[in-house]
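The values are calculated or read from the model by the stated rules, or taken from the named source; none is laboratory data. Remember, predicted model here, so these are calculated numbers, not experimental data. Cβ sites come from the backbone with ideal geometry, for glycine too, and all protein chains shown count toward neighbours. In case anyone asks, the SASA skips ligands and DNA or RNA and just uses the protein heavy atoms, side chains included. Shrake-Rupley method; radii C 1.70, N 1.55, O 1.52, S 1.80 Å.
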Amino acid sequence: MEITRWDRVQPALPYLFILLPGVFALLGEWRWEVLALTVFAAAWHWLMVTKWAARPLPLIAYFVVLLAVLAVLVRIDTVFTVTGVGVFVQCFALLPGWWAYGGVAVTVGVLVAARLQPGRPLAELLSSFVVGVLIASATGLIIRTIVDQNDRYKAMIGELKDKSAKLAALAEDNAHLHAQLLSQAREAGVLEERQRMAREIHDTVAQGLTAILTQVEAAEAAVGEDVSAARSRLDTVRTVARESLTEARRSVQALRPGPLQHEAELAIVIRDFAEKWARSTGVAAAVRVTGEPRPLHVEVETSLLRVAQEALHNVAKHASADRVQVTLSYMEDVVALDVRDNGRGFAAEATHGGGFGLTAMRQRVTRLAGNFVIETAPGEGTGICTTIPAIPAGLSTSAGPSTSALPDPDPGL
């Protein structure tokens, strides 16, 4: 518990009120009985208060003996009346409640009786007693107020220490929680980067290898019948292989996709890709652009390009279609990409799962606060509809994908 100034002063007060009057009395006139009684009173106070005064009977004995010694000393020299103030302090320090005021009244009575002189009027004695009790009670009330305030102060200090300890523990818990959040954020960042790289590899290298495999199989089928057709297929294989190798190098070097690297318009890049795709697959592909084309944020353009590439790749692989329509629409707040084929389609329930291609497209779009919808039915073809906020090119923002702003672009795009 906190040690206050009153806690340091209060134990020394009784000794001061006993020893100082004794010193003054001995300086006025040397008396052995004064020295002996003064030393005895101080020793008696020390012995009883420090050893046994906490129990009722020793406490009563303490006050009886101390008041008896005080009466003798006052009888010898009235300067020891000051010692009564020390007894008042002890009454309010050791006695509970109204008992303290009773102890003060008894002490005042002892002091008045010790100074009793023959022929002194009774009214004067009574007035001295009443005045003494009032003064002592007022002094005691002040002392008790000081003690109560001291106790409240110590209780408040204790509460503050407890709260400080709790706050320190809470701060430590918050530090541990912050460390856990940082660790989880790092893990989430690693997972996001892995997903990004998986999408990049799927959208570039995997598609390129699939196209090469398709062309090689077609070349094998044509080598015995039409040499020029086989050579054409092999030329296509060579071109696709070079493009796939270039894309792989760009992914490793964490650069933007090649077609968008030189500030080419997204519509032109998609049209070029659709024409090459149509030549390699034999499926007619038409590209239509509506609205006014304008440069968009790198994440938006990259995601739309990858969705177009993956959608056309899926048409060649699964749809058995002979015609594809790609529509790129620039609107005021969003940009939309619609890829529709006249192939065999599939059950709508299958769109909730799908392979990695569909998952990668959906992740790309939803990560940018966009909307990704698959419209299909058996025998009615398939439509992939994508809308993404039309964030202008060059806009730098750290807002999350749940807002209309985009996060900073991945370093690999």
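Apply 1/(1 + (r/R0)^6) to the Cβ-Cβ distance of MET156 and ALA113, taking R0 = 41 Å, and write down the FRET efficiency to the nearest 0.05.
After rounding, the FRET efficiency stands at 0.40.
Given the peptides 368-376, 56-64, arrange them by the average over their residues of other C-beta atoms within 10 Å, most packed first.
368-376, 56-64
I'd like to check one number: the per residue accessible area of the stretch 291-388, probe 1.4 Å, reported in Å² as a whole number.
42
Can you tell me the relative contact order of the stretch 10-98? Whole percent, Cα pairs under 8 Å, sequence separation 6 or more.
It comes to 41 percent, rounded to a whole number.
Starting from the Cα of LEU141, step 7 Å along the direction of its Cβ; do the same at ASP235; then give the gap between the two resulting points in nm.
So the two model labels end up 11.7 nm from each other.
What FRET efficiency, computed as 1/(1 + (r/R0)^6) with R0 = 41 Å and r the Cβ-Cβ distance, is obtained for TRP99 and ALA171, rounded to the nearest 0.05?
With a Förster radius of 41 Å, E is 0.30.
Testing the spin-label approximation: label points 7 Å from Cα along Cα→Cβ at LEU181 and TRP32. State their distance in nm.
My value for the distance between the label points is 8.4 nm.
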